[in-house]
Amino acid sequence: MLPEDKLFQDVKSLVLQARQNAYRAVDSERVLLYWHIGQRIHTEVLQNQRAEFGKQVIKNLSAKLTLEFGTGYNHINLWLFVRFATFFPDFEIVYAPRKLFSWTHFRIFIRIEDDLKRRYYMEMCRLEGWGTRQLEERINSMLYESTAISRKPDELIRMELAQLEKSNVLSEDFVFRDPYLLDFLDLKDTYSEKDLETAILVELQHFIIELGSDFAFLARQKRIVIDDEDYNIDLLFFHRRLKRLVAIDLKLRKFRPQDKGQMELYLRWLEKYEIVEGENPPIGLILCAGKADEHIELLMLDKGNIRVAQYLTELPPREVLQAKLHAAVAKAKARNKA
């Protein structure tokens, strides 16, 4: 590259970076502005006032602001600002994260009615640096409902979220989910475990996105020898935040109790020979075509370091998936209360 070309590229990078910084600064101020507008309307107009009176005041205010500043202040947006201030009544909750989240992020967050679910997406978005498109995709795929954290009693969810917010300590229940949606593998009709494994490796980037961004791929068919017998771990990953090796065993059938013993053997070997100083004990994920909840409960797998999850190679209709996940969450919460 000629010196003039390198100079051009360097200056171009500086200009683009400055533009990006300026955009972030403007968006950050916009977040604060919208919160203050929403808070002012909420406290001075809507509280202790008749609903119809409030609607008329906002309609009149919108007309004047639109005439002065443009369509960004139409009555729909003003109600959005009010919702924003209502969902985030504490100014500090908005002030600190405004540099992390754009106004588009906040618009997505305030569509989530459930407070715990909203806080989960905010924390995971903060930790993993999701853009707005990624955030939308995670919500649409019902990530929260598929995680173990959503199936705990509400008080425990609040405690773990508070711990995550305070110390950035991520528990396994935030990481592992059930089911995993592997429709991107494009597997048709009948296929073997080797076909499934090969398809995962071909689409490794998509698979890691489905697992979560902190997973790092280490090995396929990891060979281990115990008492002169050979065994193979289908897939081996490392999770950076958990600081754990993650062994994945693939099953084309439903989960069976003996699968637990096989995975325990893998984990004990990894703990003895593979982990290094500073790492936590390994964890196992058995990905299978189906599972029975009572087997999982009686084997106490939900309390140990082995997770069992179903994988779906064909994406069911959203209503079906939604009903399945909501039923699973409700059942788990009821069981935890018992």
Review point. What do you reckon, is GLU113 outside any helix (DSSP H, G or I), among the acidic types (Asp, Glu) and within 26 Å of GLU136 (Cα to Cα)?
Key: yes
Practice item. Examine segment 202-213 for a residue that is more than 24 Å from TYR144 (Cα to Cα) and free of Cβ contacts under 8 Å to residues at least 40 places away in the same chain, and state whether such a residue exists. Key: yes
**Study point:** Where LEU127 falls short, out of the listed (1) under 18 Å from ILE209 (Cβ atoms); (2) of a type outside the set (Val, Ile, Thr); (3) buried (at least 18 other Cβ atoms within 10 Å of the Cβ)
**Key:** (3)
Check your understanding: In this structure, is ILE286 in contact with a helix residue (DSSP H, G or I) (Cβ under 8 Å, 6 or more places away or on another chain), assigned to a helix (DSSP H, G or I) and under 28 Å from ARG138 (Cβ atoms)?
Key -> no
Point to revise | Any chance GLU264 is assigned to a loop (DSSP other than H, G, I, E, B) and under 21 Å from ASP173 (Cα atoms) | key: no
Check your understanding: Can you name the residue in segment 215-259 that is free of Cβ contacts under 8 Å to residues at least 12 places away in the same chain and in a strand (DSSP E or B) and is also nearest to ILE200 (Cα to Cα) among such residues?
Key -> ASN232
Review point. Quick one: would you say LEU236 is in the same structural domain as GLU294 (by TED's automatic domain parsing), buried (at least 17 other Cβ atoms within 10 Å of the Cβ), in contact with a helix residue (DSSP H, G or I) (Cβ under 7 Å, 6 or more places away or on another chain) and not charged (D, E, K, R)?
Key: no
Review point. Does segment 210-224 contain at least one residue that is out of contact with any strand residue (DSSP E or B) (no Cβ under 7 Å at 6 or more places or on another chain) and either modelled with pLDDT of 90 or more or basic (Lys, Arg) (or both)?
Key: no
Practice item. Please specify each residue of segment 260-283 satisfying the condition of being without any contact (Cβ under 8 Å) to a residue 40 or more places away in the chain and closer than 21 Å to LEU196 by Cα. Key: GLN262
Check your understanding: Looking only at residues in segment 84-102 that are crowded, with 16+ Cβ neighbours inside 10 Å and in a helix (DSSP H, G or I), which one is nearest to the chain's Cα centre (by Cα)?
Key -> PRO97
Point to revise | Test: residue in segment 54-74 that is under 29 Å from ARG118 (Cα atoms), polar (S, T, N, Q) and either at pLDDT 90 or above or not in a helix (DSSP H, G or I) (or both) | key: yes
Check your understanding: Somewhere in segment 57-78, is a residue closer than 19 Å to ALA25 by Cα and touching a residue at least 60 places away in the same chain (Cβ under 8 Å)?
Key -> no
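The values are calculated or read from the model by the stated rules, or taken from the named source; none is laboratory data. The structure presented is a predicted model; accordingly, all values stated were derived computationally and were not measured. Note that each Cβ is placed from the backbone with ideal geometry, even for glycine, and that neighbours are counted across all protein chains shown.
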